[in-house]
Amino acid sequence: MLSTTAEYALRIMVTLTANNESAMTSEQIARSTQVPVDYSVKVLQALARGGLVKAQRGRGGGFRITCDPAETSLLTVISAIDESLSGNEMKPLDTPTPVLATLRGHVTGTLATARNAFGQTTLRSVVDTSEATNAHMHSNGSAAMAG
């Protein structure tokens, strides 16, 4: 459903959000997100064109998030990269048969649900959920080791 580029963009954006909006080099981003360096540069350029990140040159430079992670949805990130969830995923049919019309209804309905979920999930909520899960796992691990 998602293109590889859109998935990489999501990885990059949540990583920059988790990094407290500090600048990261493309090499640091590639290492943290497990995205090849050349591909991460391509994605970062697309995110910059979409106004979601900014390149900062010089000492302490790198890429920095420019959008508000608490307001920026995953759908916004995906839409800045490609139109994989644009709502036009299926090609029009000249003469739809009942079975093809039914298929179209199922596919478009399922993708609308996905668009809605991505649209309601912000970068900040992903990071906050991850941090809470990580803290919970560490506290349970400590309790289990103590017991």
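The values are calculated or read from the model by the stated rules, or taken from the named source; none is laboratory data. From a predicted model like this one, the values you see are computed outputs, not experimental measurements. Every residue, glycine among them, receives a Cβ derived from its backbone with ideal geometry; neighbour counts consider all protein chains shown. Side chains included, ligands, DNA and RNA excluded: accessible areas come from the protein's heavy atoms. Shrake-Rupley method; radii C 1.70, N 1.55, O 1.52, S 1.80 Å.
For this structure, a couple of remarks:
- Looking at the chain, the accessible area is 61 square angstrom per residue; that uses a 1.4 Å probe and ignores ligands, DNA and RNA.
- For Ala6, net neighbour charge (Lys/Arg +1, Asp/Glu -1) across residues whose Cβ lies under 12 Å away: -2
- Counting all C-alpha pairs of the chain, share separated by more than 22 Å (%): 50 percent
- The chain: DSSP helices with Cα axial extent of at least 30 Å and average Kyte-Doolittle hydropathy no lower than -0.5: 98-120, 123-146
- In this structure, the amide hydrogen of Thr121, modeled 1.01 Å from its nitrogen in the peptide plane, lies closer than 5 angstrom to those of Leu74, Leu75, counting only residues at least 5 positions away or on a different chain.
- Protein accessible area in segment 33-83, 1.4 Å probe - carbon and sulfur %: 47 percent
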